[in-house]
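The values are calculated or read from the model by the stated rules, or taken from the named source; none is laboratory data. Keep in mind it's a predicted model, so treat the numbers as computed, not measured. Here the Cβ positions follow ideal geometry from the backbone for every residue, glycine too, while neighbour counts run over all protein chains shown.
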Amino acid sequence: MTLLRLALATAVVLAPGWTVARALGVCSFSATLAWALAALFGALAVTFLVGGSLALTLVLLLLTGVVALVVDRRAPRGESVPGRWWIFGAGAVLGVLLWHVAGEIGGDGLFHLARARKLDAFDELSLDSVNEFADGGLHPGYAFPLWHGFLALVARVAFVDPADVVLHEASILAPIALLVSYEAGWALFRRVGPAVAVVCAQVGITALAPDGGGAYTALGLPATA
């Protein structure tokens, strides 16, 4: 099932961020996401520097997680946010609903799909190799294809076409989006009720008000994520 494969692949790509966050004594999904992208940035930078492939990026990313896992044994544990798993469950339900209203890839999605597909397909990667034109310069908004690299890695680990990731990764990221909002609300109010209200406000404005899932259907795209 594509949904399960995408979920497992996303967990694999984010796992190094989880181990790094734990090694630093931070127990939050927000920190996991931030450190996963930071580790991916470093792995992609090395890949571009040596002209390697996405396989090298994946190896470097997983090695980062292993090193952090060793350090984690001596790190103190940070504060755990209560009620997170209930929010995760609600996000999972939202993700299933988003799966059914995903529609088709169009507009900017085709541009981002092309960049992710190049990262997945080329054996010798560089910043210039993902350009739109053979002799063109770096894209001013996506000079370093960090999020495209994330999408390409998920596709590689899940053994699916990058188009499936661009179209449906929003369903996998929905629980994380809700958790990040919840943890932000908890950090501000230190109470479950107001934190839940923050999540409800975000979902109401972003997903329900525009109809059809709103911007949540495009969580897999860099500009929306």
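Any idea how many residues of segment 142-199 are without any contact (Cβ under 8 Å) to a residue 60 or more places away in the chain and not aliphatic (A, V, I, L, M)?
Of the residues in that region, 9 qualify.
Out of everything in segment 9-26 that is out of contact with any helix residue (DSSP H, G or I) (no Cβ under 7 Å at 6 or more places or on another chain) and over 12 Å from Leu153 (Cα atoms), what residue ends up being surrounded by the most Cβ atoms within 10 Å (Cβ to Cβ)?
Result: Val26.
For segment 1-95, please list each of the helices (runs of 4 or more DSSP H) lying entirely inside it that holds at least 2 residues being under 30 Å from Phe189 (Cα atoms).
Correct list: 2-23, 29-50.
Could you check how many residues of segment 173-225 are within 19 Å of Trp86 (Cβ to Cβ) and acidic (Asp, Glu)?
1
Which of the residues belonging to segment 96-114 are at pLDDT 85 or above and part of a helix (DSSP H, G or I)?
Val96, Leu97, Leu98, Trp99, His100, Gly109, Leu110, Phe111, His112, Leu113, Ala114
Name every residue in segment 132-154 that is of a type in the set (Gly, Ala, Ser) and either closer than 18 Å to Thr224 by Cβ or at pLDDT below 70 (or both), in order of residue number.
Selection gives Ala134, Gly136, Gly137, Gly141, Gly149, Ala152.
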